[in-house]
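Below: the structure, in structure tokens.
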Amino acid sequence: MSRFFQYLFDGLSSGAIYSLLALCLVVVYRGTGYLNFAQGEMSMFCTFLVWKLNDWGMPLWLAAISGMLIGYLGGATVETTLIRPVAKRSQFAVFVVAIGLFLGLNSLAGAIWGAPPQETMPSLFPNEPDDFQRIFGASWRYQSIGILIVGLVVTGLLFALFNKTRFGLAMRAVASNADSARLVGVNTGRVLAASWGLAAAIGALAGTMVAGTTGEVVPGLMFSYFVYASAAATLGGFDSLGGAVIAGLTIGVVENMAAGYAPKWIGQEMRLGVALLIILGVLLIKPTGLFGEQKVSRV
Amino acid sequence: MALVTIKRNSPQHIAVRVLGVLLVVIAVLWVPTKMTTGNIDSMTNALALVIAASALNLVIGYTGLISIGHSAFFGIGSYATGVLVSKYGWGHGWSMIFGALLAFVFGFIVALPALRIKGIYLALVTLAVAVLFPTMMKWPKLEWLTNGARGISGIRYEELPSLPFLGELKGRDDRTVFFYWYAIMLVIITVLVCRGIVKSRMGRALIAIRDNEIGAEVMGVNLATTKTLVFGVSAALTSLAGSLSVARTGVVTADGANLTLIGSIVFLVVMVVGGAATITGPIIGALVYVWVDNYTRTASASGEGLIGWLFDWSAVSPASIILSVALIVLMFVAPDGVFGLVRRLARRVVVIK
Amino acid sequence: MSEILRTHDLRAGYGLIEVLHGVNINVDAGEIVVVLGANGAGKTTMMRAISGMIPRTGVVDFLADDIAHLSAHKVTARGIAHVPQGRGTFPELTVEENLRIGAHSRRDSFAADIDYWYGVFPRLQERRLQRAGSLSGGEQQMLAIARALMSRPKLLLCDEPSLGLAPLVTRELFEVLQRLNSETGLSVLLVEQNANLALEIASRVYLLETGEIVSSGTPDEYMNNDAVRKSYLGH
Ligand SMILES: Nc1ncnc2c1ncn2[C@@H]1O[C@H](COP(=O)(O)OP(=O)(O)O)[C@@H](O)[C@H]1O
Ligand SMILES: [Mg+2]
């Protein structure tokens, strides 16, 4: 039983990060209808900045907040200057620009911080060997508890933003019908920029927590997390915030259980295979995901 | 208005085309006879990219399906050749054919969701494939086959065949020349296959799919089958590039340059920079890519020239940075790539009616 | 009578194709101006050009200010509300959220306005927590109009509200428009293809054909004009 709880808890903790990144994808998707393929690299780049600020002597929590702010500005700028102008032309153009960003940020990080840069990253939470609590026979590390709490708090804030504020209502209106949103006086450009900014800021936080668990920042930091997040967004239905969160947590738990109970076959190496199977399965069986509207256009 | 107007199929038009073919033939012959061994090797590398980017172009440029998983198909070819040649004593040619078949099957499976969803979402599946492939090759369960993270090395042609005109091939220089011709042969195969598909009834249907799905259905084309088949063919062609690279370098590792997600992105960059949805585009893209790569590598290492000065601070070659900036800039100024740009400029001078 | 809206040489189109070839119309305070035109004449394009949804050239004077260079959300803030063809509600939002977003351009409190519109359209109140996408066509049109008026505009642009509605529902809707017009002095620019009911509430009428205004006059003149009767009144 204690094994079960261990896998469950570890799964929830990694799932919290998948959820956060999936939320980023969903926020951008709802606003613009695009999948931001550069989301992971944007997070990674911000994480490097957080690390650098911390390296210069700024307390990590302050560095993380600064990183989020920089991320917000960066994301909003990218949307206004790079994405929106080509979005008029085609979705493929947006995809190519996102790929350009992906490659650009990835190689820029490598160029600035050395290749392969292996910078040690401290954790936002207590992370000494004995920083854990035993519950149900499983060890609940403070680090993992912290990630879970941050994940839930951010999700809660995001829900409040979308459902309780004027700006959130405007964001939902743009997602629902962009033309009508303009007609009721919503500055859609600002909403789209804010969506990207918000996604980038949350991504920066997620990246900082990922680097805290692995203890290092590398350009490939977010590759696999981005795959997990896309799996979560796919499973959740791409336009559903709640769906993304539940799907992210589910995927975290499922892959941890799978890796834990089948260490020989799946183990740490093939956890990613679980995510791939989920994406393939969902897209084949129910392309709108579990919670989505009929938005993912079908052939 | 254009300065010169030429009628289609007039003697002038034919002369221009013959001249074009002649220039290409001269360029192809010039490389192995006049270039240094290192440069010939670079050209072979470029040719491998031509194959992969043309294959990707078949999928993205013509059907509108998006793949960033082609590095995995490149990897399938690489590993097929690596494993079969070094462990089972197969010949290179057979291992290449086997790899292509395997890649075809995998490509077909990966494209299955395309039966139900549109372009960009298929990209998610391919993304997962690209990230998963290197992981799988390092999977302990497959270590008996793939040697895990160490990879496979020492995969060489034991003896090079003697070729007509070229004679007996010996030593490093001859080896390089041999692989150059080997690559040229594969590029010709790839271009012929791509041309064949694009000009066929299926190809015209493909373009219809890209431009207007409903239209294609009216034409009586089975969208789903067409798309998945084309994806399979594209995967198979990409695996040829993988086999070629392994034959050239003699090693394959799971984290090798073109086998990871970054590899997929490189193919995409080559395709878009050259010009999507054209046969010539990927060829130009690959030449540009390899040239930029080599040039920036030497320039940043020596610190010479504008590039060396600009990227003085850079710990690694800034090639990828420059290419990604170029990619984004191109999407603004010339979404049809370098080839498209050149073609548009050329039409200001000469118009073929 | 003071003038609310005047367009001069208004031109707009899609890409390289010009659809409106210099339209001149005006709306005075308190008027219901109806623009008649066949399918494809450019009525929707004209409305979109006025409200800034598409690029346009020429002059659009609203309350004596040229707004032809403003983007749509700024035009709304000036006091023009546009109910687009096909209603343009937000299907994923609830009825009440649709009304709330309607007041997006306002900074003051609008709770009383929501209650007011529930009074005008009691059926909306019954469905206030339902998603707008689940409403019937008539209810959606009511919602669209109420949402547009939540911004307390000085001019309402209404694009074929009768489209897809039963005649009875259309009549009910037009009665509401007329009542709002007479009670609050709301100016309305109404575009219709199906003219019978529209002419009943119109103060003045324009006829739009292939992107140009070809005539104007009183509703009576149009009802008695044989050619117009044939084309737009169906009898
Ligand atoms: N989004 C669009 N893109 C291109 N052409 C359009 C678009 N919308 C309308 N048109 C064209 O503009 C002309 C006028 O259309 P519209 O203004 O919708 O007419 P109406 O509302 O009077 O029926 C038509 O010929 C139509 O084909
Ligand atoms: Mg219309």
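Using alpha carbons only, how many degrees (0 to 90, rounded to 10) separate the axis of helix A:91-113 from the longest principal axis of chain A?
Between the helix axis and the principal axis of chain A, the angle is about 40 degrees.
Rounded to the nearest 100 Å², what's the accessible area chains A and B bury against each other, both chains counted, probe 1.4 Å? Walk me through the numbers on the way to the answer.
On the way: alone 14180 and 18280 Å², together 27870 Å².
So the buried area, both faces added, is about 4600 Å².
Got a sec? What order do B:ASP211, A:ASP131 fall in by accessible area at 1.4 Å, biggest, i.e. largest, first? Could you put the intermediate results ahead of the total?
Values: B:ASP211 105, A:ASP131 30 Å².
Ranked from most to least accessible, the order is B:ASP211, A:ASP131.
Hey, what angle do you get for helix A:188-214 against the long axis of chain A, alpha-carbon based, 0 to 90 degrees rounded to 10?
Roughly 10 degrees, rounded to the nearest 10.
Can you give me the accessible area per residue for chain C, using a 1.4 Å probe, in Å²?
Values: 9960 Å² over 235 residues.
I get 42 Å² per residue for chain C.
I need two numbers for chain B: Rg to one decimal and Dmax as a whole number, Cα atoms only, in Å.
Cα only, chain B: 20.9, 66 Å (Rg, Dmax).
Please give the FRET efficiency for A:LEU62 paired with B:SER200, using the beta carbon to beta carbon distance and R0 = 45 Å, rounded to the nearest 0.05. Don't skip to the end; give the middle numbers.
On the way: r = 62 Å, r/R0 = 1.38.
Calculated transfer efficiency: 0.15.
Considering only protein heavy atoms and a probe of 1.4 Å, how much of the accessible area of the range A:43-107 is carbon and sulfur, as a whole percent?
Percent of accessible area from carbon and sulfur atoms in the range A:43-107: 72.
So who's got an amide H within less than 5 Å of the one on C:ILE25, skipping anything under 5 residues away but keeping other chains? H placed 1.01 Å off N, in plane.
When sequence neighbours closer than 5 places are left aside, the close amide H contacts are C:THR7.
Could you please put B:HIS70, C:HIS8, C:HIS69 in sequence from largest to smallest accessible area, using a 1.4 Å probe?
Numbers: B:HIS70 0, C:HIS8 105, C:HIS69 135 Å².
So the residues, ranked largest to smallest area, are C:HIS69, C:HIS8, B:HIS70.
Whenever you get a sec, compute what percent of the accessible area on chain C sits on carbon and sulfur atoms (1.4 Å probe).
Numbers: 4910 of 9960 Å².
Carbon plus sulfur share of accessible area: 49 percent.
Take the alpha-carbon centre of the range A:249-295, take the same for the range A:124-143, and report the distance between them in whole Å.
Cα centres, the range A:249-295 to the range A:124-143: 26 Å.
Please compute the modelled spin-label separation between C:LYS230 and C:GLU200, points set 7 Å along Cα→Cβ, answer in nm with one decimal.
Result: 2.6 nm between the two label points.
Pick out, from A:VAL174, A:LEU283, A:ALA206, the residue whose Cα sits farthest towards the positive end of the charge dipole of chain A, with +1 on the Cβ of Lys and Arg and -1 on the Cβ of Asp and Glu.
Farthest towards the positive end: A:VAL174.
Short version: which residues of the range B:120-160 lose at least 30 Å² of accessible area, all chains versus chain alone, 1.4 Å probe?
B:ILE120, B:TYR121, B:LEU124, B:VAL125, B:LEU127, B:ALA128, B:VAL131, B:LEU132, B:THR135, B:TRP139, B:LYS141
Among A:TYR225, B:VAL85, A:LEU158, pick out the residue whose Cα is farthest towards the positive end of the charge dipole of the protein assembly as shown, where Lys and Arg carry +1 and Asp and Glu carry -1 on C-beta, about the Cα centre.
After comparing all options, I get B:VAL85.
Indicate the residues belonging to the range B:303-324 that lose 20 Å² or more of solvent-accessible heavy-atom surface (probe 1.4 Å) upon moving from the chain alone to the assembly of all protein chains, ignoring ligands and nucleic acids.
B:TRP313, B:ALA315, B:VAL316, B:SER320, B:ILE321, B:SER324
Which trypsin sites (Lys or Arg not before Pro) from the range A:195-299 combine a DSSP loop assignment with at most 11 other Cβ atoms within 10 Å? Walk me through the numbers before you get to the answer.
Working: sites: A:LYS264, A:ARG271, A:LYS295, A:ARG298; in loops: A:LYS264, A:LYS295.
Of the trypsin sites (Lys or Arg not before Pro), the ones in loops of the range A:195-299 whose Cβ has at most 11 other Cβ atoms within 10 Å are A:LYS264.
Averaged over A:168-174, how many beta carbons belonging to a partner chain fall within 10 Å of each residue's beta carbon? Spell out each step's value before the answer.
Numbers: counts 0, 7, 3, 0, 5, 9, 2.
Shielding by partners across A:168-174 averages 4.
What is the interface area between chains A and C, defined as buried accessible area summed over both chains with a 1.4 Å probe, reported in Å² to the nearest 100?
Working: alone 14180 and 10950 Å², together 23070 Å².
Protein heavy atoms only, the A-C interface buries about 2100 Å².
With charges only on Cβ, +1 for K and R and -1 for D and E, what is the dipole size of chain B about its Cα centre, in debye, rounded to 20? Working shown, then result.
On the way: 27 positive and 15 negative charges, 219 e Å.
The dipole of chain B has a size of about 1060 debye.
Among B:ILE26, B:ILE76, B:ILE109, which one moves the most in a GNM of chain B with springs linking Cα atoms closer than 10 Å?
Checking each option, the largest mean-square fluctuation is seen for B:ILE26.
Mind listing the long-range amide H neighbours of A:SER240? Cut-off is under 5 Å, sequence gap 5 or more, other chains count too, H placed in the peptide plane at 1.01 Å from N.
none
Which value, in Å² and to the nearest 10, is the accessible area of A:ARG30 when all protein chains are kept and the probe is 1.4 Å?
Roll a 1.4 Å probe over it and A:ARG30 shows about 50 Å².
Going by a 1.4 Å probe on protein heavy atoms, which residues of the range C:86-100 end up with at least 40 Å² less accessible surface in the whole assembly than in their chain alone?
C:PHE90, C:GLU92, C:LEU93, C:GLU97, C:ARG100
Could you let me know the centre-to-centre spacing of the range C:56-76 and the range A:1-77, using Cα atoms, in angstrom?
Here the two parts' Cα centres lie 42 Å apart.
Can you say what percent of the DSSP beta bridges in the protein assembly as shown, counting only those with both residues inside, are antiparallel? Round to 5. Walk me through the numbers on the way to the answer.
Values: 31 of 53 bridges.
Taking every DSSP beta bridge within the protein assembly as shown, about 60 percent pair in antiparallel fashion.
Taking +1 at the Cβ of each Lys and Arg and -1 at the Cβ of each Asp and Glu, which of C:ASN26, A:PRO126, C:ASN194 sits farthest along the dipole of the protein assembly as shown towards its positive end, judged by Cα position relative to the Cα centre?
Ranked along the dipole, the leading option is C:ASN194.
Spin-label point model (7 Å from Cα, Cβ direction): what's the A:THR81 to B:LEU22 distance in nm?
4.9
As a check on your grasp of the helix formula, calculate [θ] at 222 nm for the protein assembly as shown: sum -39500 (n - 2.57) over DSSP H runs of n ≥ 4, divide by the residue count, round to the nearest 500. If you can, show how the numbers build up before the last one.
Working: 36 runs with 549 residues, N = 887.
About -20500 deg cm²/dmol.
What percentage of the solvent-accessible surface of the range B:4-352, computed with a 1.4 Å probe over protein heavy atoms, is contributed by carbon and sulfur atoms?
Ligands and nucleic acids excluded, carbon and sulfur give 67 percent.
Each residue of the range A:223-238 in order: what ³J(HN,Hα) in whole Hz does its phi give by Karplus 6.51 cos²θ - 1.76 cosθ + 1.60, θ = phi - 60°, with x for Gly and Pro?
3, 6, 5, 5, 5, 4, 5, 5, 4, 5, 5, 5, 5, x, x, 6
Amide H to amide H under 5 Å from A:GLU216: which residues, 5+ apart in sequence or cross-chain, H placed 1.01 Å off N in plane?
For A:GLU216, the qualifying residues are A:MET121.
Assign unit charges at the C-beta atoms only (+1 for Lys and Arg, -1 for Asp and Glu), then state the dipole size of the protein assembly as shown relative to its Cα centre in Debye, rounded to the nearest 20. Please list the in-between numbers first.
Details: 68 positive and 57 negative charges, 355 e Å.
Using Cβ point charges on Lys, Arg, Asp and Glu, the protein assembly as shown gives about 1700 debye.
Mind scanning A:LYS52/A:LYS164; B:LYS199/B:LYS353; A:LYS164/C:LYS74 and naming the pairs with a C-alpha gap bigger than 28 Å?
Correct reply: A:LYS52/A:LYS164.
Against the longest principal axis of chain A, how steep is helix A:142-164, in degrees 0 to 90 to the nearest 10, with axes from Cα atoms?
For helix A:142-164, the angle is close to 20 degrees.
How many Å² of accessible area per residue for the range B:266-333, probe 1.4 Å?
Values: 2850 Å² over 68 residues.
Counting only protein heavy atoms, the per-residue value for the range B:266-333 is 42 Å².
Structure shown: which of B:LYS87/B:LYS227; A:LYS286/B:LYS227; B:LYS7/B:LYS227 lie over 27 Å apart, alpha-carbon to alpha-carbon? Don't skip to the answer; put the middle values down first.
Working: B:LYS87/B:LYS227 35 Å; A:LYS286/B:LYS227 20 Å; B:LYS7/B:LYS227 36 Å.
Beyond 27 Å: B:LYS87/B:LYS227; B:LYS7/B:LYS227.
In the full protein assembly as shown, how much of C:LYS154 is accessible to a 1.4 Å probe, in Å² to the nearest 10?
In the full protein context, C:LYS154 sits at about 100 Å².
Whole number in Å², please: accessible area per residue of the range A:113-207, 1.4 Å probe, ligands, DNA and RNA not counted.
Details: 3980 Å² over 95 residues.
Ligands and nucleic acids excluded, the figure is 42 Å² per residue.
The values are calculated or read from the model by the stated rules, or taken from the named source; none is laboratory data. The shown structure was predicted, so the numbers you read here are calculated from the model rather than taken from an experiment. Counting neighbours? That spans all protein chains shown, and the Cβs are built from the backbone with ideal geometry, glycine included. Heavy atoms of the whole protein, side chains included, go into the accessibility calculation; ligands, DNA and RNA do not. Shrake-Rupley method; radii C 1.70, N 1.55, O 1.52, S 1.80 Å.
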